[in-house]
Structure formats: C-alpha cells, structure tokens
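Asks: Take this structure, written in structure tokens, and hold onto it; I'll ask about it next.
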Amino acid sequence: MHGRPRKALKQEDETALSAKTEKLRSLQAQFLANHHNRMLLLLPSTLSLSLSFSSPSINSNCANLVGCRYSKEALDVSAKLLEVNPECYTAWNYRKLAVQNLLTNSDSDPHSIFQDELKLVEIALRKNFKSYGAWHHRKWVLSKGHSSIDNEMRLLNGFQKADPRNFHAWNYRRFVTELMKRSDEDELKYTEEVIGANFSNYSAWHNRSVLLSNLLKRKAEGYFPKEKILEEEFEHVHNAIFTDPDDQSGWFYHLWLIDQTVKTDAPLLVSSWPSHGSNITVIGDNSLQGCGLSLLDGTLSDTATLPIILNFNQAVEGINSSTVSIKSELLKEELVWKPLLTSKSNTAKVWVVYLNLGNMELQSSKTYSVDISIGHSKGIVSSNEYHYGDPSQISFKVFVQTPSIEQSEGQGGKRTTWKDTNFHKIDHFQESDPILSAVQNHHIPTTSNWPTEEIGEEITKFRDLLSEYDCKIGKLTLARLLTALDLLSSQHDGRKSNTEEVLQLYTDLMKLDPTHSLYYKDEHSLISLKQITSTRDSLLPYCHYYKDATETITGYVCLRLQNLSLSRLGSIENLLWVQMLDLSHNELQSVEGLEAMQLLSCLNLSHNKIGSFTALAPLRLVKSLKVLNISHNELGCHSVDTTRYLCSSPLSHTEEFAWDRFETLTGSVSATKFWEAFLIFGSLALTDLNIIGNAVADENFRSFLVKVLPTLKWLDDEELS
C-alpha cells in the first residue's frame, strides 16, 4: 500500500491468520444460512399462500417467519461477522433490513436500536477504518434522525489522528459538518491546521478545495474578491511544493488553483454552425433531393434538413424555444432542441436543432434570412448552477440554387476512395470562405489582466524550480500553465504561442514516465489538434479537394488529419463545418466528440485502434453520415469492452434496444456477437462501409450488415447487387 514493500509473514503470524480465516468462514456460513435458507426456503410458499387466500392466520405466520430472519441469534452472528470482516456488504445490508423490521414493532425503541448499530460500526471501523460498508452504514443510521451527532466529531478526530489522509473519514466529516451546520470557515481553519502539521495530505487539500469553492461561489465575507483569495492560496501551496517537489499532494491542489484562475464561472458560447454573417447554399430541385458538398462556398450535402449547432464551453441545460428564439421564413413548425450526448442527460456542451426543408417549396435563386437570439431570456444554466450571461445574436442567409445536371447526379452512385491520388491540396482560401468562421470565442474573455499576470508569475516560478530540480510532475504543471496562458491570451495581442514547448514537454514526459504515457499522448493529441485548427493558415495544409473516379475535382473538400499519431480527438468546436474527414493511420480508441459534427458525411477511421463497436457510439448521433471506413482496426479482437462495462450485453446497456428487429436480422447467428454492431449501425443510413481487416469481419457479419443497412450500396469496396 502506498508503495510500501510487502514483508514475508512469520510462522506465528501465519498461524494466527489461518485461525482468523477459519473463524471467518464459520461465521460467514452461519450468516448465509440465517439470511438465505429461511428467506428462500420458508417465505416463498407462505407468501404465495398469503397472496392466494389472504388468511389472517397465514398472514400472522408470514410475519412470524419474517421475524425469524431477524432473530437475536441471527443478528448476533451478523454482528460477529462484521466485527471480524467489516467488508461484508451483504451483512451490512442485512442489518439495514433488520433495523427496518424491528422498527415496525409498536414497543420498539428507535434510539436504542440505532445506538446499537452505531456501536457496531465503531467496532468495525476500529478493525478497518477504511471500510466503505461501515462508513456508509453509519451515514445511513445518522440520516434516520434518531441519533445524536455530538459524539461524531470526537470519533472522527480519533480516526483522523490515526490516519490523517483517510479520505473515508474526510468524506464522512463533510457529511457530519453539514448535519451540524458547522460553517465552512471553521472547517477551512481545520484543514489549515492539518496541512500545517503535515502537508503530505491529499485528502486535506481536496477538502480545502471543496470548502473554498463554496465560499467563493457565494462570495462569503472575507472571501471576495476571488483574485485576492487565490493569490493567498498560491502562496500557501508553494510552501508545500517547493519544500518537497516529489510529494504530489500540493501539486494536485495547485492544478485546482490553475483551473480556478483560468475558468469563467458562467457558461459561454464557444462556436456555432452556421456562424454569424455566413452564407449557406442549398443545392437542390424543388423536392430538395439534389446534392452537393462544396465546403468553400458553404454548400450542404443533405438539403432535407438544416442543422443549427450551438457549442458551449461547459455543459448547460435549458436550451429551448424560450431561451433561444429563431426567426425565419424557413421556420414552419415548432423546433425542439436536442443535447448531443451518448448518455441520457439534460445537460450537454453541444445542442442541435434541425430546420426541416424537405417539406417546403423553396424558391430557386432566393435568399432566406435566419436570425437567432441566444440567452436574452433567462433559463440557460450550467451544471454548476451558473446562468448564461452573454446574450448573443447569430444571423445568416440561406440561398437556394437549382442544380445543374452534373450536380444532380452527385456523388451518391460512386464509391468513395481514400487514396492519396484522389486528393488535391488547396492552395489558398478566399476571404469569403467560411473556414473557421464558426469559431467565435477561441479564448477566455477576462475583465482584468490578473489571470494572465498570475499564470505568468507561476510559469516563472516553476521554470526556476525545474532549473534546480528536475521532476515529472513539475514538467506536467509547466505544460498546463503554458496551455492556460495561451487560453487566456488574445489572438491579436502579439504574444507568442507556447504550443511547441508544450508539445515537447509532453513528448519528454512520455519517455520519462512510461507508466502514464497514454495520458501524456492524449494531452499531446489535444494540443496538436488545437494548433492545427486554431487559424486558417494552420488549417490550410490539411484541406484537400476530393477527386472522384473520373479524376474530376468534385468540389468536395476533405480535412485530412491522417498519420498524426492522434490518440484522442479535441478542438471539435473548430470543426463544425467539416463534411469529409480523414482520421486514418492514427491511434484512436474512441471517436468521442464527433457527435457535434452534424454535417459530417464521409469519415475515414481506418488503421486505428478502435476495439469495440460501442467506441463508435457517438456516430449514432451523426445522421448525415453516409460513408464510413473502419477497416484495419481491432473490432472483434476484445471480448470485453473495458471502457464501458465488464460484461458486455444488451441488458447492461443504457440505450433502448429494438429486440424484435434484432432477432429477425440475426436469425440463427449467435446474437451475442452482433448486438453492439446493431446498436450502432441500426440508426444510420450508410451507403458505403468498409470493415476489412477486423477480426469480426467474416461472411456472417457481412450478411448481417447488409440486413441492418438497407441503404448500403458498397461494402468492403465491392458494389452490392
């Protein structure tokens, strides 16, 4: 534990351990006999009779049998078991049921019953004061309101003296102080005393961050302005970090201080599509069945719907017709905003609504205006309960263009290939091109120079520290500080970007600390993508025209981010305009973030490290996706998706599952092999799919895909008949 080497047991210790084990087995056997046998063997028959006849005598017998389950003998056995092994969760739950049963007796004494439980918990905690079950049971007892809390602080002080870093005790302390209505100010003084005695206490630093967050949020007396308090806290944590740079406790608190310095409390709109002032061209005939995909003139491929995307810097809720108003001739029905999330939640960073153009008779060569007002009425709230306070206006125009014969033929009947010869690099952008115009707030707005100055001072101090003492967490902190400085700095203040230095720091850390290399690689990927997508000039080398099989430049523009060793996706707020994306030959294990790219039509994920279909779950929300290449990944190589849950099955998934259709499609084929693929592909309308080079890609799976995707025209580079 905590890096301490294990020592071989002495003979007498082994003997004592064997005796303890035997005693534990005996108690467990007795407990399970009391708990299970009487419950499973006696109750079912009696309860079924009770339900059938509702006889008073039978009901009385049933109640007696329930009481037998919680006899004094049974309770004594469970108590002895927990005194020996406090980690037996079943025994704690058994005692909760027993207490509830005892309280039903008219002559019971609630205070005495709960007091016995508190005594048992205390005995168990003295055996193991890091027992989850014991601490949870004590919380449960106190929450019933029959016990005094006067003794709790004395008990806590004893356990925290035995192990000041025991996070179970700190968590329980927060629970007790809330019941006692003890002030955050008093608790903050206590953490300072504990840290003063020994600054190597992560739990105390963490508790300090929780308390200060509350005090700063409500602007308590003496804790405003925020800048003054944070300056004092930086000085406080410096004493710990510079005294012992190898101790990580203070470093984690320093990271929290950086976040407090940089972040804005209220949510901000970071980007949108369409962006303010943009011109969108819809190519189509009167029934809007045409196509086109010229990114440079803002042309849409799917003209049946026009997505409107709002991307915030933090998760928010309350996006609806009251808080976001849309005025346009294109608006013929009430719009419903949806959060773009793979989980069921009412808060999300990205929200979308769809203007349905398919049922409208649009006039060719006419321009339609769309005006959007965001946050002029209150209701948009972050997960931290801060209100959106930056009302915004977005206006754009939609032009309807009648397609030529070539345009109406489109790309739909041709196979999409991703060879280098099919792409032609773009030389330059026109000023009118909407590349990156979707980005509104690259940087965090500030009302003073204090955050920038404070982060700058921290950078100077940590450069000095690293010049004398080379440590991994010091390099990591410097990388985070430099990233924070770039985030605070204006795009036009002339300050040189620190991106190259940050990338080098993460590269060095991958070599110095291979144990955490995956984390450093993810951070390196995020910084790389931010560097690539931050400006039009940095983005230009990665934008290419797509040439079809006839060697004709189609007007399709592809963002090619292949061979960049990317392990994680980021800066999606800068890529909302992308319709064709090449992420091949990277090291991606997930596509989290792509759900925000609601215009995405063609996607190449070949030659990555995607190990499960559930890692592709975000694509279920990209209804515009028509072409998908996931060849040469690791699909089917792993029987367990460790990123989601231990036992992969439809029952363990949170999504709704169409059992009837799934069983019809799978037929006699083993259902367990394909249910995840059905979950992902069942909601898409792909026309071109490539799965070559995956372990799952056999003939049975190919046949399954053809059934699941009736729109499919090309599978593994072969045209379907």
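Readers should treat all values here as calculations from the given coordinates under stated rules, not as data from a laboratory. None of these values were measured; they are calculated from a predicted model. Neighbour counts run over all protein chains shown; Cβ positions are idealised from the backbone, glycine included.
Asks: Can you give me the long-range amide H partners of Tyr556? Hydrogens built in the peptide plane at 1.01 Å from N, cutoff under 5 Å, separation of 5 or more residues or another chain.
Replies: Tyr546
Asks: Let me ask something additional. Tell me which lysines have Cα within less than 23 Å of Lys217's Cα, excluding those fewer than 8 residues away on the same chain?
Replies: Those lysines meeting the cut-off are Lys181, Lys189, Lys226, Lys228, Lys263, Lys349, Lys378.
Asks: Taking a ≥ b ≥ c as the square roots of the Cα gyration tensor eigenvalues, with a/c under 1.5 meaning rounded and otherwise prolate when a/b beats b/c, else oblate, which class fits segment 449-512?
Replies: oblate
Asks: May I ask you to order 72-79, 710-717, 586-593 by the average number of other C-beta atoms within 10 Å around their residues, highest value first?
Replies: Ranked from most to least packed, the peptides come out as 586-593, 72-79, 710-717.
Asks: Report the local net charge at Ser683: Lys and Arg +1, Asp and Glu -1, summed over other residues whose C-beta lies under 9 Å from its C-beta.
Replies: +2
Asks: Within 10 Å, count the other beta carbons around each residue, average over each peptide in 218-227, 567-576, and list them highest first.
Replies: 567-576, 218-227
Asks: Round to a whole angstrom and tell me the spacing of the C-alpha centers of segment 305-378 and segment 166-208.
Replies: So the two Cα centres are separated by 45 Å.
Asks: Going Cα to Cα from Lys414, which lysines come in below 25 Å? Please leave out same-chain ones fewer than 8 positions away.
Replies: Those lysines meeting the cut-off are Lys425, Lys547, Lys623, Lys626, Lys707, Lys713.
Asks: Collect residues whose amide H, placed 1.01 Å from N in the peptide plane, falls under 5 Å from the amide H of Trp714; neighbours closer than 5 in sequence don't count.
Replies: Here the answer is Asp688, Leu689, Leu720, since their amide H atoms fall under 5 Å of that of Trp714.
Asks: Also, quick follow-up: How high is the relative contact order of segment 449-512? Use alpha-carbon pairs under 8 Å, at least six apart in sequence, and give a whole percent.
Replies: Relative contact order of segment 449-512: 36 percent.
Asks: Output the peptides 239-246, 150-157 sorted from most to least packed, where packing is the average of other Cβ atoms within 10 Å over each peptide's residues.
Replies: Listed from highest to lowest mean packing, they are 239-246, 150-157.
Asks: Just to check I understand the Karplus step: with θ = phi - 60° and J = 6.51 cos²θ - 1.76 cosθ + 1.60, what whole-Hz values come out for segment 525-533, glycine and proline as x?
Replies: The phi angles translate into 5, 4, 5, 4, 5, 5, 5, 5, 9 Hz.
Asks: Separate question: In the neighborhood of Phe199, defined by Cβ-to-Cβ distances under 10 Å, what is the net charge if each Lys or Arg adds +1 and each Asp or Glu adds -1?
Replies: Net charge in that neighbourhood comes out at -2.
Asks: How large is ³J(HN,Hα) for each residue in segment 127-141, as worked out from phi by the Karplus curve 6.51 cos²θ - 1.76 cosθ + 1.60 (θ = phi - 60°), to whole Hz, x for Gly and Pro?
Replies: Rounded to whole hertz, the list is 6, 8, 7, 10, 7, 4, x, 5, 5, 5, 5, 5, 4, 4, 4.
Asks: Each residue of segment 259-267 in turn: what ³J(HN,Hα) in whole Hz from Karplus with 6.51, -1.76, 1.60 and θ = phi - 60°, glycine and Pro shown as x?
Replies: 4, 5, 6, 8, 6, 9, 5, 6, x
Asks: Hey, another quick one. Given H placed 1.01 Å from N in the peptide plane, which residues other than close sequence neighbours of Val270 have an amide H under 5 Å from its amide H?
Replies: Asn311, Phe312, Asn313
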